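J.: I'd like to ask you about the structure that follows.
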Amino acid sequence: MNILYLNTTWQCGGAEKVASQLFHGMRKRGHQVYQIVSYDRRNSELPPGAHVIYHSLFMRLFNRLITGNHGNRSLSIWYTNWYIRSFIKKYKIDVIHLHNPHDNFLGIRDIAGLAGMRPMVWTLHDFWAMTGHCTYPHGCTDRWKEGCGNCPCLGNYPALRKDVTRRLFQEKQSAFRKHRILFTVPSKWMQEQFRMSHLKGQECMCVYNSLDAGVWTSLDKKEVRRRYGLDASKRIIGFIAADPQKTLKGMDYLLKALALLPDSENCLLLVAGQESSALQELTARFPIRHLGYLHTQRELNEFYAMADLLVNPSVYETFGLTNIEAMACGTPVAAFPVCTMPELIDGSCGWIAPEVSAEALAETIQHALADETILMEKGRKSRERVEAVFSEENMLNRFEEIYRNLKKSSERTERL
């Protein structure tokens, strides 16, 4: 099959990792695969078949010009639309797999048009398709289910300068039902949200995000800590966030929880990601080691393996890839009882705090670190759960079946 993947950027977060897994995985299975992205901030060396539309400063400025200075309200982005449609015809694409189209990559009507050209599967990594503008409707209660308008969260990504949320919502209602689109979501929790949205009644399958369990591995904690110069006698708490300043990442809860730990002198907070002034303030009363951004899989593997416990204090996640990355490295996870967290982390492989509060998180961390034998056992169970439920092979099998069924259905329709 000739498969085209569409995503806003080449390398960044969880959606990009999933798109890359599918791109490389389907190629290994003998399919002809392509990927088109809007931009790539890292200027990566792209593999054959990967294309960046706005690849230079001039082209990025051009994109700003045709999208109203990145106004995030374009119904059609004509150059992107023309580029992709021409590509589909030239390379005889059989199936389109859309990931993130927002951040001024594809307009609402463009998506409908592409779905009319070829069979489309759309993996929703966030809520953008279901709302008037934002990827996460945190702070708007149920307004996103009712048609938006008078939006109290215009600053939520991707931000709007003017409240046109009701008009955009209505456009999505019309466009995303115009042609058949098979939606997939990365969790059962997300599937429940889908069924409460304006998309309810459309085809929607749950396909968990995954990782290559053969790449991520448990390591000797003492040996890795020795190489990084960490005190092997301390209990190490891991925390990772590309941008910890985002309130949804819950860093404030974590910092308050750490201040409540009674034996903090025997603990160390190991941090990966962006620097934070709040973290710097904590160093006066809690030991911290900051590793900065980790750019390679090996560095991330070592980071997770060094920790006794990964704490994910996020208050809003559609999946939470860092959870299963840590679990694959034999490190259990502690998290709040929100969104997908209880779905990913069951009682055998981690801890779910009883409520969203610093006090509850502190008690959960203290309980988790109290018994080394239980920590090790939950680490082993974490690895087993990833291999059984979140393996890359499972995800590739599911999507390959979806592609084949879509192609067969399209061929039958053409013959009629």
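J.: For the stretch 246-283, give me each residue that is surrounded by fewer than 20 Cβ atoms within 10 Å (Cβ to Cβ), at pLDDT 75 or above, in a helix (DSSP H, G or I) and under 27 Å from the mean Cα position of the chain (by Cα).
T.: Once the filter is applied, which keeps residues that are surrounded by fewer than 20 Cβ atoms within 10 Å (Cβ to Cβ), at pLDDT 75 or above, in a helix (DSSP H, G or I) and under 27 Å from the mean Cα position of the chain (by Cα), the stretch 246-283 yields THR247, LEU248, ASP252, LYS256.
J.: Which numbered condition in (1) modelled with pLDDT under 95; (2) under 23 Å from the mean Cα position of the chain (by Cα) is the only one that ALA335 fails?
T.: With (1) modelled with pLDDT under 95; (2) under 23 Å from the mean Cα position of the chain (by Cα) applied to ALA335, the lone miss is (1).
J.: Please go through the stretch 231-245 and pick out each residue that is closer than 19 Å to LEU369 by Cα, of a type in the set (A, V, I, L, M) and buried (at least 18 other Cβ atoms within 10 Å of the Cβ).
T.: Step one: list which residues in the stretch 231-245 are closer than 19 Å to LEU369 by Cα, which gives 231-240.
Still in the list and also of a type in the set (A, V, I, L, M): 232, 236-237, 240.
Correct list: ILE236, ILE237, ILE240.
J.: Within the stretch 349-356, can one find any residue that is part of a helix (DSSP H, G or I) and either at pLDDT below 95 or within 28 Å of VAL185 (Cα to Cα) (or both)? Before the answer, list the steps.
T.: Filtering the stretch 349-356 down to residues part of a helix (DSSP H, G or I) leaves none.
No, the stretch 349-356 has no match at all.
J.: Would you mind stating whether ALA305 is of a type in the set (A, V, I, L, M, F, W, C), outside any loop (DSSP other than H, G, I, E, B) and farther than 25 Å from GLY214 by Cα?
T.: Details: of a type in the set (A, V, I, L, M, F, W, C): yes; outside any loop (DSSP other than H, G, I, E, B): yes; farther than 25 Å from GLY214 by Cα: no.
No, not satisfied.
J.: Tell me, which residue of the stretch 220-230 that is part of a loop (DSSP other than H, G, I, E, B) and open to solvent by 50 Å² or more (accessible area, probe 1.4 Å) is farthest from GLY379 (Cα to Cα)? I'd like the intermediate steps shown before the answer.
T.: Taking the stretch 220-230 as the starting set, the residues that turn out to be part of a loop (DSSP other than H, G, I, E, B) are 220, 228-230.
After this cut, where a residue has to be open to solvent by 50 Å² or more (accessible area, probe 1.4 Å) as well, the list is 220, 228-229.
On the way: ASP220: 12, TYR228: 21, GLY229: 23 Å.
Selected residue: GLY229.
J.: Quick check: anything in the stretch 128-138 over 30 Å from ILE324 (Cα atoms) and open to solvent by 30 Å² or more (accessible area, probe 1.4 Å)? Spell out how you get there, then give the answer.
T.: Step one: list which residues in the stretch 128-138 are over 30 Å from ILE324 (Cα atoms), which gives 132.
Next, from what is left, pick out any that are open to solvent by 30 Å² or more (accessible area, probe 1.4 Å): none.
Checked against the condition, which is being over 30 Å from ILE324 (Cα atoms) and open to solvent by 30 Å² or more (accessible area, probe 1.4 Å), the stretch 128-138 yields no hits at all.
J.: Of the numbered conditions (1) open to solvent by less than 80 Å² (accessible area, probe 1.4 Å); (2) out of contact with any strand residue (DSSP E or B) (no Cβ under 7 Å at 6 or more places or on another chain); (3) under 21 Å from SER233 (Cα atoms); (4) charged (D, E, K, R), ARG383 satisfies every one except a single condition; which is it?
T.: (3)
J.: A further question follows. Give just the number: which of (1) touching a helix residue (DSSP H, G or I) at 6+ places or on another chain (Cβ under 9 Å); (2) over 20 Å from LEU254 (Cβ atoms); (3) open to solvent by less than 40 Å² (accessible area, probe 1.4 Å) does VAL389 not satisfy?
T.: Among (1) touching a helix residue (DSSP H, G or I) at 6+ places or on another chain (Cβ under 9 Å); (2) over 20 Å from LEU254 (Cβ atoms); (3) open to solvent by less than 40 Å² (accessible area, probe 1.4 Å), the lone unmet condition for VAL389 is (3).
J.: Need pairs with beta-carbon distance below 9 Å; first residue within 15 Å of TYR403 (Cα to Cα) and within the stretch 115-130, second among the hydroxyl-bearing types (Ser, Thr, Tyr); sequence gap 6+ or separate chains.
T.: These pairs meet every condition: ARG118/SER410; PRO119/TYR403; PRO119/SER409; PRO119/SER410; VAL121/THR184; VAL121/TYR403; TRP122/THR184; THR123/THR184.
J.: Tell me which residues, restricted to the stretch 70-110, are open to solvent by 10 Å² or more (accessible area, probe 1.4 Å), farther than 25 Å from GLN173 by Cα and in a loop (DSSP other than H, G, I, E, B).
T.: TYR91, LYS92, ASP94
J.: Within the stretch 175-201, track down each residue that is open to solvent by 50 Å² or more (accessible area, probe 1.4 Å) and in contact (Cβ under 8 Å) with a residue 12 or more places away in the chain.
T.: Step one: filter the stretch 175-201 for residues open to solvent by 50 Å² or more (accessible area, probe 1.4 Å), giving 177-180, 188, 192, 195-196, 200-201.
Answer for the stretch 175-201, where residues must be open to solvent by 50 Å² or more (accessible area, probe 1.4 Å) and in contact (Cβ under 8 Å) with a residue 12 or more places away in the chain: ARG177, LYS178, HIS179, ARG180, LYS188, MET196.
J.: Just to verify a result, which residue in the stretch 366-380, among those that are out of contact with any strand residue (DSSP E or B) (no Cβ under 6 Å at 6 or more places or on another chain) and among the hydrophobic types (A, V, I, L, M, F, W, C), is most open to solvent (accessible area, probe 1.4 Å)?
T.: Out of the qualifying residues, it is MET376.
J.: Would the stretch 225-236 turn up any residue that is under 22 Å from the mean Cα position of the chain (by Cα) and at pLDDT 85 or above? Steps first, please.
T.: First, the residues of the stretch 225-236 that are under 22 Å from the mean Cα position of the chain (by Cα): none.
For the stretch 225-236, residues under 22 Å from the mean Cα position of the chain (by Cα) and at pLDDT 85 or above: absent.
J.: Here is a follow-up. Can you run down the residue pairs with Cβ atoms below 8 Å, 6 or more apart or on separate chains, where the first is in the stretch 348-364 and over 24 Å from ARG380 (Cβ atoms) and open to solvent by 10 Å² or more (accessible area, probe 1.4 Å) and the partner is of a type in the set (Val, Ile, Thr) and not in a helix (DSSP H, G or I)?
T.: Every condition considered, the pairs that remain are VAL356/VAL315; VAL356/VAL338.
The values are calculated or read from the model by the stated rules, or taken from the named source; none is laboratory data. Model, not experiment: these values are computed from the prediction. Here Cβ is always computed from backbone atoms with ideal geometry, including for glycine, and neighbour counts include all displayed protein chains. Heads up: the accessible areas ignore ligands, DNA and RNA and are worked out on the full protein's heavy atoms, side chains in. Shrake-Rupley method; radii C 1.70, N 1.55, O 1.52, S 1.80 Å.
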